[in-house]
Amino acid sequence: MAERTGLIRHLTQWVISTALEDCAAWQRQGINLHVAVNLSAYDLHDLQLVPHVRETLNATNLPAKRLMFEVKESAMMDNAEQATTTLAVLDQMGVNVSIDDFGTGHSSLGYLSKFPVRELKLDQTFVTQMEFGGRDAAIVQAIIDLGHELGLRIVAEGVESHAVLVQLCRAKADVAQGMHICEPLAP
């Protein structure tokens, strides 16, 4: 709805500001974390995105590496040239970019070498089915191996059981997230 009504810019700016302000507050308490913010295809084409990120990082006195933008494959493919330009500028600033829900989009693997990404978030549709073996486990292992060969960090989403967590450890996923590990928390 925010995208359809044109409010996405204001919503995204508010989320970025709030996330970085929370991160700065944690840093002052000695808790050194990074924050991740989801971006839509509209955000990647917003000429105000980069200046807002730069200003907010300066205002919070945080290094850019503390910010991660999560972008779905489909958002990168929508006007790939503009998305690449925006992501390249963010990358040059030191902001990290993650491909969210990897494996469910319609993009080509060739784009993994074109987009400046540092992380793949493996979609939960594959991860949650791993404990039953078969093709899902093989797909997860193949994506982890490919990502590591490309120098990317692999995050497995949707870890809902100890059995899946053990399999992901064996497969050498870098990070796991899901209800088995921790439910979402307030700042």
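The values are calculated or read from the model by the stated rules, or taken from the named source; none is laboratory data. Note that the structure is a prediction, hence the values are computed from the model and not measured. Positions of Cβ are generated from backbone atoms using ideal geometry, with glycine treated the same way; all protein chains shown enter the neighbour counts. Side chains are part of the model used for accessible areas, which takes the heavy atoms of the whole protein and leaves out ligands, DNA and RNA. Shrake-Rupley method; radii C 1.70, N 1.55, O 1.52, S 1.80 Å.
Computed from the C-beta positions of Glu160 and Ala186, the FRET efficiency with R₀ = 25 Å rounds to 0.70.
The alpha carbon centroids of the stretch 139-187 and the stretch 14-48 are separated by 22 Å. Remark: relative contact order (the stretch 27-85) = 48 percent; criterion is Cα-Cα distance under 8 angstrom and separation of 6 or more residues. At an R0 of 30 angstrom, the distance between the Cβ atoms of Glu81 and Ser17 translates into a FRET efficiency of 0.60.
Quick check: at a probe of 1.4 Å, how many percent of the accessible area of the stretch 95-187 sits on carbon and sulfur atoms? Don't jump to the answer; show the numbers that get you there.
Values: 2720 of 5020 Å².
On the stretch 95-187, the fraction of accessible area on carbon and sulfur atoms equals 54 percent.
Extension gain for His148 to Asp174 (0.36 nm times residue separation, less C-alpha to C-alpha distance): 8.4 nm.
The stretch between Arg135 and Glu3 holds 44.0 nm of extra length on full extension. This uses 0.36 nm per residue minus the Cα-Cα distance. Across the stretch 13-130, Cα pairs under 8 Å and at least six residues apart give a relative contact order of 23 percent. Computed over the chain, the per-residue total of -39500 (n - 2.57) for DSSP H runs of n ≥ 4 gives a 222 nm mean residue ellipticity of -14000 deg cm²/dmol, rounded to 500. Taking every protein chain into account, the accessible area of the stretch 1-96 amounts to 54 square angstrom per residue (probe 1.4 Å).
How far is helix 8-28 tilted off the main Cα axis of the chain, in degrees rounded to 10, range 0 to 90? So the inclination is approximately 80 degrees. For the stretch 26-64, the residues whose backbone nitrogen is under 20 Å from a point 7 Å from the Cα of His10, taken along Cα to Cβ, are 38-53, 56. Normalised by the number of residues in the stretch 57-187, the average gap of Cα pairs under 8 Å and 6 or more apart makes the relative contact order 18 percent.
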